[in-house]
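The values are calculated or read from the model by the stated rules, or taken from the named source; none is laboratory data. It should be emphasised that the depicted structure is a prediction, and the values quoted were computed from it without experimental measurement. All Cβ positions, glycine included, derive from the backbone under ideal geometry; neighbour counts span all protein chains shown. Protein only, heavy atoms only, side chains kept; ligands, DNA and RNA dropped before computing areas. Shrake-Rupley method; radii C 1.70, N 1.55, O 1.52, S 1.80 Å.
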Amino acid sequence: MAISTKHAPTPRATLKGRSFLTTEDFTREELSEVLDLAIQYKTLGHGRPLQGRSVALLFFDPSLRTRVSMEIAIQQLGGQAVVLDVGKGTWALEYREGVIMDGDRSEHIKEAARVLSRYVAAIGVRSFPALRSFEEERHDPVLRSFARYSTVPIINMESAMFHPLQAMADVMTIRETFGLVDQRRVVLCWAYHPKPLPMAVPNSFALIAAQFGMDLTIACPPEYELDPELMERIREHARRNGASVRVLHDRREACRGAEVIYAKSWGSRHYYGRWEEERKVRERYREWIVDEALMRLTAQGYFMHCLPVRRNVVVTDAVLDSERSLVIQQAENRLHVQKALLSMLL
Ligand code: CP
């Protein structure tokens with residue numbers, strides 16, 4: 001909903017010109033400012049602060065929600081989105097430093113990022129991990145290469161390790177549902193999935209839950225614990241925000257009394273790049289599905305998932321289609337959060 005500029009909420013300028021690679025780039029107060037503006041935009045509408053400006057959206061990997069909501073957010077704010085499928089209609093991009101580029105990647109991000117910076121006001125990047133080397137991919141090499149060489153803000157539209165736009169929409173949804181987010185009892189619950197998936201969503205949800213003072217339980221099989229270095233930072237955010245973090249391997253115990261079950265599947269660090277070995281381990285945890293029996297253990301809890309989700313693998317139809325499911329609201333809030341963020345960065 002666009003409203004006249006005269007009545008549009010005015011974003012505060014503290015984030016102008018900055019990149020958004022992970023929610024840790026911003027303080028809790030800065031993240032809250034983005035959420036405040038997102039809620040204002042959702043309820044009151046917005047002006048056209050991106051009038052005459054363009055934003056490039058680079059997709060190395062597929063998307064439904066991110067692609068459509070980013071494109072529409074830019075358009076509704078008066079700007080123009082330039083959507084590129086990297087390697088299909090653009091050159092395939094190299095990110096490694098000092099390599100002999102005699103393979104199938106024709107252009108280096110070093111040039112691509114600097115050239116795009118001359119055309120557009122910001123660059124969004126989606127680049128999943130290849131799931132080959134955890135030691136390399138934990139540093140988000142593609143995203144960081146753009147951040148290094150671009151002279152305009154970079155927006156992480158899901159990288160190997162983080163999905164901060166999703167995390168912001170998730171917190172907005174929890175705030176709309178409960179009013180206050182502090183001390184909300186949320187469970188990040190690993191789920192079975194036939195393939196190993198990236199850790200970006202669980203990493204970002206755990207981080208933002210701690211940044212916003214929620215009481216977080218991570219329920220997962222022992223082989224699926226998150227990166228210990230990241231867990232240290234999550235615990236530190238929790239300490240600073242009066243929150244708690246625990247990791248349990250018993251999903252029923254974890255979900256007892258919870259207010260939110262956030263389901264997500266992710267791959268194992270221990271078997272990173274060794275899918276055939278992980279497959280056997282993963283098969284042992286087929287019963288890790290969110291069903292009505294699990295939801296009955298909660299304190300009339302809500303179900304959350306970032307989507308896309310595999311029905312009757314990750315979550316049953318009955319839970320996903322129930323009134324306690326927040327998944328569509330989460331997806332809608334991507335649009336509002338991204339509009340607020342774009343207004344403030346640009
Ligand atoms: N949740 C999310 O990022 O969805 P897409 O992968 O469809 O963009």
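Quick look at the values:
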| read-out | value |
| --- | --- |
| Qualifying position, being within 22 Å of A92 (Cβ to Cβ) and more than 14 Å from the ligand (Cβ to nearest atom), among R148, R175, R138 | R148 |
| Filter result (among the acidic types (D, E) and either out of contact with any helix residue (DSSP H, G or I) (no Cβ under 7 Å at 6 or more places or on another chain) or part of a loop (DSSP other than H, G, I, E, B) (or both)) within region 219-249 | E225, D227, E229, E232, E236 |
| Residue in region 240-253 that is buried (at least 22 other Cβ atoms within 10 Å of the Cβ) and over 19 Å from the mean Cα position of the chain (by Cα) present | yes |
| Segments classed as helices (runs of 4 or more DSSP H), wholly inside region 88-167, with at least 1 members that are within 21 Å of the chain's Cα centre (by Cα) and either crowded, with 18+ Cβ neighbours inside 10 Å or among the basic types (K, R) (or both) | 134-137, 141-149 |
| Sole residue being in contact (Cβ under 8 Å) with a residue 60 or more places away in the chain and in contact with a helix residue (DSSP H, G or I) (Cβ under 7 Å, 6 or more places away or on another chain), chosen from R114, R126, R132 | R126 |
| Residue in region 256-266 that is surrounded by fewer than 19 Cβ atoms within 10 Å (Cβ to Cβ) and within 17 Å of V314 (Cα to Cα) present | no |
| Pick from region 41-66, criterion free of Cβ contacts under 8 Å to residues at least 60 places away in the same chain and either farther than 22 Å from Q166 by Cα or open to solvent by 60 Å² or more (accessible area, probe 1.4 Å) (or both), ranking: nearest to the ligand (Cβ to nearest atom) | P62 |
| Among (1) farther than 23 Å from E137 by Cα; (2) within 16 Å of the ligand (Cβ to nearest atom); (3) in contact with a Ser or Thr (Cβ under 8 Å, 6 or more places away or on another chain), the one test that Q80 misses | (2) |
